[in-house]
Structure formats: C-alpha cells, structure tokens
Amino acid sequence: MPEESDAPGGPAPSGAAFARVSATPAAEALVARLQAEHGPVMFHQSGGCCDGSAPMCFPLGEFLVGAADLRLGEIGGAPFYMSRSQFAYWEHTHLIIDAVPGNGGMFSLERPTGLRFLTRSRLYDAAETRALAEAGPPPAAE
C-alpha cells in the first residue's frame, strides 16, 4: 500500500488541471541522475510480487506497456504508468514519488545507487475530485 504524506501535489502538466503523480526534489534529482547515466527512462508502479508496491524505473521502452496500462503523467520528464486494475484501487489518491536511502527494486535502475523510489500518497480534496470527474480517466498507454 502507498504511504501517506502531507506533501503537496506538485505542478500540473500543460493542459491538465493538476497532476495525478508528482515527485519530491529528491526523486527529481535521482531521475535526472539516472537519465544522465541511462538515457530516457520510464516508470511503472509495481502492483506487488517481488518488489511490493514500489515505483519501478526502467530505460524507456524496456518495460512493455499496453492497453492494460494507464499513463498517469510524468516525473522529471519520464512517463509514469500504472495498470488499469491497480488504478481502480488508487484512483482517489495523488501519488507523490520520493527517493529515500535503501535498496531499490531488484529490476529498477536505482538499485545500485543506495537510494530507492518510494510512493507516498494523499487523498484528493473535493475540488480535485470534481476536476478529475470532469477530466475523465487518464489515457491508456501508447
């Protein structure tokens, strides 16, 4: 399950009322570090199994996404995806990606850095919930 946080939601992408996913400065810095080393990257919010519910970072295109995945937004210029079935449980929360000391997921790019990505969350307020209802669901992965 995601961890709760009082962190703000973050800036909205262009054309959106607000973002469904944002990143802390620590996470943004780690994304930039990984992009410098590996080139463009992408994220997929893991739904369990080996790495729990950790946000996983991969070289762009290495993790295949499709019609069963939704694009929730971007962090640090990297697309962020989640499966449709998992989104059904998380749709009322804003995801805040953080970077903290520890070992990343066994398949995630940050593993050897001594840092790991962590998903924190907060519930949307009433105004955000109304805006989300008007905006409709996030787009399917391309």
Report task. Keeping the other protein chains in place, figure out the carbon and sulfur percent of the accessible area of the stretch 33-142, with a 1.4 Å probe. Result -> 57
Report task. Taking all protein chains together and a probe of 1.4 Å, list 116, 33 from the most accessible to the least accessible. Result -> 33, 116
Query - Residue-count net charge about residue 129 - beta-carbon cut-off 15 Å; Lys, Arg +1, Asp, Glu -1 - result: -1
Report summary line: Phi-derived 3J(HN,Hα) across the stretch 132-142 with the Karplus relation (6.51, -1.76, 1.60, θ = phi - 60°), rounded Hz, x for Gly and Pro, is 5, 4, 5, 6, x, x, x, x, 5, 4, 9
Query raised in the report: Given H placed 1.01 Å from N in the peptide plane, which residues other than close sequence neighbours of residue 69 have an amide H under 5 Å from its amide H?
Result: 84, 141
Query raised in the report: HN-Hα J couplings of the stretch 33-47 from phi, Karplus 6.51/-1.76/1.60, θ = phi - 60°, integer Hz, Gly and Pro as x?
Result: 4, 5, 5, 5, 8, 10, x, x, 10, 9, 10, 9, 6, 5, x
Requested in this report: Let me know the shape class of the stretch 61-142, please: from the alpha-carbon gyration tensor, a ≥ b ≥ c as square roots of the eigenvalues, rounded when a/c is under 1.5, otherwise prolate if a/b is greater than b/c, or oblate.
Outcome: oblate
Requested in this report: Return the long-range amide H neighbours of residue 81 (sequence gap of 5 or more, or a different chain), with a cut-off of under 5 Å between placed amide H atoms.
Outcome: 43, 44, 45, 72
Report summary line: Counting Lys and Arg as +1 and Asp and Glu as -1 over every other residue whose Cβ sits under 11 Å from the Cβ of residue 76, the net charge comes to -1
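The values are calculated or read from the model by the stated rules, or taken from the named source; none is laboratory data. A quick note: this is a predicted structure, and the numbers were derived from the prediction, not measured. As a convention, Cβ positions derive from the backbone with ideal geometry for all residues, glycine included, and neighbour counts pool all protein chains shown. Heavy atoms of the whole protein, side chains included, go into the accessibility calculation; ligands, DNA and RNA do not. Shrake-Rupley method; radii C 1.70, N 1.55, O 1.52, S 1.80 Å.
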